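Have a look at the structure below before the remarks.
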Amino acid sequence: GVSEDTYTTKDVDYPFGSPDDYEVELFVSTSYGCTDTILKAIHIRPTYSLQKGSSYYESFESGPAGWASGHDDNVPLNSWTLGEPVVFVGDGGGGANAWYTDITSNQPDAEQSYVTSPCFSFDEIFKPMIKFAMKRLFNANRDGAILQYSTDNWNTVTPLGKYEINGLDGIY
């Protein structure tokens, strides 16, 4: 729904009722008459606490289930779609739906988009494992995928694993 709250402090905490996508508009004014406004989508994700011996599986047959796509603020392109891919080869891992892109050759090369998962707590897990099905049809020197994680609410993001391009190792 739509709500409006007024705060007179520089640090504001706002409790959202449930995980969802929210359009948040921030209006700021000073005692000198200066004002500014910003509108931004805020993605509040559910958190799953995994226990020893438990697992998490998502086929996306019932919708996004706390997953969301987004893009770099400097490059406002996002071609991610949740649904049944137009071109799909092989077994997708359990259902007809998947997160996919359908970038055409006439689109710019600058897209910096992503899909984020719900949050997971691994406090009870000694050696967590991540396994996912990914089908790819990348354009050489243009497309790619990186699995990243954060342990501090996305203040710092760490790539998981390593990559190799033309015999050169890198971190990712």
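The values are calculated or read from the model by the stated rules, or taken from the named source; none is laboratory data. If you're wondering where the values come from, they're calculated on a predicted model, not measured in any experiment. All Cβ positions, glycine included, derive from the backbone under ideal geometry; neighbour counts span all protein chains shown. When the accessible area is computed, the model is the full protein with side chains, heavy atoms only, and any ligands, DNA or RNA have been set aside. Shrake-Rupley method; radii C 1.70, N 1.55, O 1.52, S 1.80 Å.
Got a sec? Which residues in the range 117-134 would a label at Ser54 touch, if it sits 7 Å along Cα→Cβ and we count backbone N under 20 Å?
117-132
For labels at Asn153 and Glu61 in the simple 7 Å Cα→Cβ model, what's the distance in nm?
With each label point 7 Å from Cα toward Cβ, the separation is 3.7 nm.
Subtract the Cα-Cα distance of Thr9 and Val24 from 0.36 nm times their separation in residues, and report this length gain in nm to one decimal.
Values: separation 15, 0.36 × 15 = 5.40 nm, distance 1.74 nm.
So the extension gain works out to 3.7 nm.
Give me Rg/Rg_expected for the range 1-85, where Rg uses Cα atoms only and Rg_expected = 2.2 N^0.38 Å with N residues.
Compactness ratio reported: 1.51.
How about Lys52: which lysines have a C-alpha closer than 28 Å to its C-alpha, ignoring those fewer than 8 places off in the same chain?
Excluding near neighbours in sequence, the set is Lys127, Lys131, Lys162.
Please work out how much accessible surface Arg136 shows to a 1.4 Å probe, ignoring ligands, DNA and RNA, in Å² rounded to 10.
Accessible surface of Arg136 is approximately 150 Å².
Quick one: Karplus J couplings for the range 56-66, per residue in order, coefficients 6.51, -1.76, 1.60, θ = phi - 60°, nearest Hz, x for Gly and Pro?
Going residue by residue, I get 10, 9, 9, 9, 6, 6, 9, x, x, 6, x Hz, with x marking Gly and Pro.
Can you give the Rg/Rh ratio of the range 39-82, where Rg is from the C-alpha atoms and Rh is the Kirkwood radius? Don't skip to the end; give the middle numbers.
Numbers: Rg = 14.2 Å, Rh = 13.3 Å.
Answer for the range 39-82: 1.06.
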